[in-house]
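Encoded as structure tokens, the structure appears first; notes follow it.
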Amino acid sequence: MNNLKYIIPILIILLISSCSHDHSEGDEHNHGEEETSHSDNDKHNHGEEEHQEGLFLTKDQAETIGLKFGDLSTIKVNDFVKATGTLGLPPNAYSSVSTKTSGIIVGTKKFVEGNYIEKGTIIAYLENADFIITQQDYLEAKAKLELIRLEVERQKTLVESNAGVTKNLQNAEAELAMFEAKTEGLAKQLSFLGISISNLSPNTIRQQIGIVAPMSGYISKINFHNGMFAQPSIALLDIISSEHLHLELDVFEKDISLIQEGQKISYTVPALGQTIYYGSVNVIGKEFNSDSKTIRVHGHLGDVKPQFLKDLFINAKIFLDNSETTALPENAIIRDGESTYIYVARNEKETTEIEFEKINVVPGSTENGYTSVKLIDVIPDEMQIVTKGAYFIYAQSKAGELEHEH
């Protein structure tokens, strides 16, 4: 019994020691396996990530699509500012036809809106009895004026021979001045109405006058008919002249500092097709439109003009001076949503496949197949730009078909 009380504690200690040793060895073994497994998985997954993110093309694929490499070029590109606007007219290109006095419209000519009318063309006649009275008054005043002139001459002769009275001469001269003024005033009235006094006689008195077009142009509005009572305040006809047709462009405030008089303009009128017309900057406005944040720019039209339709919407480009800039072929630039970039790669002969990288750029204007660009990212050393075949790389990357060859 006494031995048992010593043996039992010794057995317990040995048992605990044994369990502790087994657990430690198991921990070490499992931990090592976990580390090994984890390390292998990390390496494998990391390789998969690199493979998924990279863009690869075999040399055979590159040759098939005609892939070409190059560098940035320095060329002259005529940059431009975009603008929108209309075909407009200055105030002197509009004219409203109205009567110079009241009367009845008669003898209207056959016109419709859109007809072209020459300056001086009679569009209708105006009748008024007052025309007869004015012509009659003029002829009477003219006849009376001749008699008074004769009387003045007679009184002068009498005074010079001391047979006349000075007062009679003075009265005759005063009456002469009065009738000269009256005759001249009536002549001006008739001229204003369009009645010539050069051949006016009792036999040529007329009761109607012609209403004539004051300028050549296109009829845009008709507001008269036979029997209508016309007044000077009522416009009978509106005429628009296409001779003064010009461009009215709205340029954003951020671009206005680039605009100068004489710069070339190209424009299209979408309503009339895609024909490109040309013009030049004539006047730069001095008023800022706070609503649209634009300034009005007026432009002259070139020799070839679009069909005349007032206020037609136009898209325009105002070309700036030629300047040297870095550029690439237009097909080398990929536009993907809000992003614009190019592809670069190391074109090494000893490799069987090519890995591509994206370089973000800011594109500018395009001319003769080249687009000016500014690099956002730096092109790594020894890498060249894909100048042909970039879109194939882009399309294949979107389709997930650029697989890394092992």
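Read the figures in this text as sums done on the coordinates, not as results from a lab. These figures come from a predicted structure and were not determined experimentally. Cβ atoms come from the backbone with ideal geometry, glycine included; neighbour counts cover every protein chain shown.
The count of lysine pairs in the range 129-206 that are at least 8 places apart or cross chains, and whose C-alpha atoms lie under 22 Å apart, stands at 8. Among 121, 340, 183, the ranking by other beta carbons within 10 Å of each residue's beta carbon, starting with the fewest, stands as 121, 340, 183. Compute the whole-percent fraction of alpha carbon pairs in the range 280-358 spaced more than 15 Å apart. Across the range 280-358, Cα pairs with separations above 15 Å total 79 percent. Here residue 358 is the anchor, and the lysines within straight C-alpha reach of less than 27 Å, apart from those fewer than 8 places off in the same chain, are 43, 59, 68, 76, 349, 374, 388, 398. Annotation: peptides 108-118, 287-297, ranked by per-residue average of other Cβ atoms within 10 Å with the highest first, follow the order 287-297, 108-118.
Each Lys or Arg adds one and each Asp or Glu takes one away; over the other residues whose Cβ falls under 12 Å from the Cβ of residue 190, this sums to +1. Separation of the range 237-261 and the range 122-153, taken as the distance between their Cα centroids, equals 50 angstrom. Cross-link reach is defined here as a Cα-Cα straight distance under 18 Å, omitting same-chain residues fewer than 8 places apart; for residue 119 the lysines meeting it are 100, 109, 110, 221. Dipole magnitude for the range 172-293: about 360 debye, using +1 per Lys or Arg Cβ and -1 per Asp or Glu Cβ, origin at the Cα centre. For the range 129-206, the dipole from Cβ point charges (+1 on Lys and Arg, -1 on Asp and Glu) about the Cα centre works out to 80 debye, to the nearest 20. Cross-linked pairs 82/254; 254/305; 82/264: Cα-Cα separations exceed 19 Å for 254/305. Across the range 257-406, Cα-Cα pairs more than 19 Å apart make up 68 percent of the total. Taken one residue at a time, the phi angles of the range 357-362 give Karplus couplings (6.51, -1.76, 1.60, θ = phi - 60°) of 10, 8, 10, 6, 9, 10 Hz. Gly and Pro are set to x.
Basic side chains Lys and Arg get +1 at the Cβ, acidic Asp and Glu get -1 at the Cβ, and with that the dipole of the range 322-397 about its Cα centre reaches some 220 debye. Less than 5 angstrom separates the built amide H of residue 115 from those of 219, all sequence-distant by 5 or more or on a different chain. In sequence order, the range 370-381 has phi-based couplings of 10, 10, 5, 9, 10, 7, 8, 9, 7, 6, x, 4 Hz under the Karplus curve 6.51 cos²θ - 1.76 cosθ + 1.60, θ = phi - 60°, and Gly or Pro positions carry x.
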